[in-house]
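The structure is given below, and queries will be raised subsequently.
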Amino acid sequence: EEVNFKSLEVKIRDNDKNGIAYSHSDLGDLYYDFNEYEEALEHYNKALEIRTMLNNKFGIASSRLSLGKLNHKIGNKKLAEADYLRSLKIAKEMKFREIEKDCYENLFRLYDTGNNPVEALRYLKLFSAIKDTLFNVEISKKIAEQQISYELIAKEREIKLLTQEKKIGELEIKSQNTLVIIVGIIAAMLILIALFIYLRYRLVKKTQDILKEKNTAIMQRQIELVEINTTKDKFFSLISHDLRSPFSGLLGYAGILKKDYDELSKEEIKSFVDEMLIIIDKIHSFLEDLLTWSKIQVGKVE
């Protein structure tokens, strides 16, 4: 009794409604065993009230069964029958097999002592049938008793999970913001790199274009030099040819005059001198043309 009341105080302090109902139920069973029926009835009713408020089907069925036993014990058979049947109805609806079995057994005893053998036999058969089919009853009872506690724990876990999800969400937002900053920095670096590559490409291309132009100019100049050299070669070939013939004639006449001067007549000498003057005049004219051409080449004459 002392331990049960201490437990009840803890549950009241923690506002554990389901636990408070169980403590009242345990105290009711304790007073029932001590044959203190008024105290037992008081605690059973308190447990039923709380379980009804919580809509704890198992607890309601269990409290009704306990009240049925108590009323049967003190001779209130009508109240006992009503409590058993109400407990049985909930037990059958919710498939609380252990409570259903206890209801059948207690209804059998109620009708057996009340000189109602037909109902007693019916509930005895139902009791025997469900007793034979039940297995692992203790585990099923514990699972059913802890159903509400599990739901409360599940809600607490759900709250904790939501809190964790919120924290995770905040961390994800921070991570996303950090990622956005990192991506922005990388993007800026890539843009700078791309700009540098582009400017470098333009510079290289411009340099290549300049080199290409200079190479083209050099090639053109080389072609011009080749043409100039070719022209020069042709020119000197022509000069040597055009000068060789007159000078050959001039040297020929001069040689004749030197060799045969005393044997030649004045008319022949005069004829040779005239031919030499003609040749000298052609050479002079040719040299004048050559000088004019050279001035044209150096740009002194348009």
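How big is the equivalent ellipsoid of segment 13-76 along its three axes, where each semi-axis is √(5λ) from the Cα gyration tensor, reported in whole Å from largest to smallest?
20, 13, 7
Compute from the Cα atoms of the chain the Rg and the Dmax, the latter being the longest Cα-Cα distance, and quote both in angstrom.
Answer for the chain, Rg first and Dmax second: 67.4, 200 Å.
Give me the accessible area per residue for segment 132-250, probe 1.4 Å, as a whole number in Å².
So segment 132-250 comes to 89 Å² accessible per residue, rounded to a whole number.
Per 0.36 nm of contour for each residue apart, how much would the distance between F34 and K95 grow if the chain were fully extended, relative to their Cα-Cα spacing?
Length difference between fully extended and current span is 18.8 nm.
Any idea what the alpha-carbon Rg over 2.2 N^0.38 Å comes to for segment 121-220?
3.14
For segment 230-302, what size does the Cα cloud have along each of its three principal axes, sorted from largest down, in whole Å?
Taking the Cα atoms of segment 230-302, the three principal extents are 52, 23, 12 Å.
On to the next question. Which residue fluctuates most in the GNM of the chain (Cα springs below 10 Å): E39, E227, E81?
Judging by the Gaussian network model, the answer is E227.
So how far, in whole Å, is the C-alpha centre of segment 223-302 from the one of segment 178-194?
Here the answer is 84 Å between Cα centres.
For the cross-link pairs K11/K57; K17/K167; K258/K295, which exceed 29 Å when the distance is taken from alpha carbon to alpha carbon?
Beyond 29 Å: K17/K167; K258/K295.
Please give the FRET efficiency for E42 paired with E156, using the beta carbon to beta carbon distance and R0 = 25 Å, rounded to the nearest 0.05.
0.20
Where does the longest stretch of the chain lie that holds no chymotrypsin sites (Phe, Trp or Tyr not before Pro) found in a DSSP loop with 15 or fewer other Cβ atoms within 10 Å?
136-260
While we're looking at this one, here's another question. Report the full-extension gain for the segment K295 to H241: residue separation times 0.36 nm, less the Cα-Cα distance, to one decimal in nm.
Fully extending the segment from K295 to H241 adds 17.3 nm.
With each run of n ≥ 4 DSSP H residues scored as -39500 (n - 2.57), what mean residue ellipticity at 222 nm is computed for the chain after dividing by its residue count and rounding to the nearest 500 deg cm²/dmol?
-32000 deg cm²/dmol
Ignoring ligands, DNA and RNA, please state the percent of accessible area on the chain from carbon and sulfur, probe 1.4 Å.
59
Only sites in a loop by DSSP and with at most 11 other Cβ atoms within 10 Å count here; which trypsin sites (Lys or Arg not before Pro) in segment 215-302 make the cut?
K300
The values are calculated or read from the model by the stated rules, or taken from the named source; none is laboratory data. The shown structure was predicted, so the numbers you read here are calculated from the model rather than taken from an experiment. Note: ideal-geometry Cβ built from the backbone for every residue, glycine included; neighbour counts use all protein chains shown. To get the accessible areas, we keep the full protein, side chains included, count just its heavy atoms, and leave off ligands, DNA and RNA. Shrake-Rupley method; radii C 1.70, N 1.55, O 1.52, S 1.80 Å.
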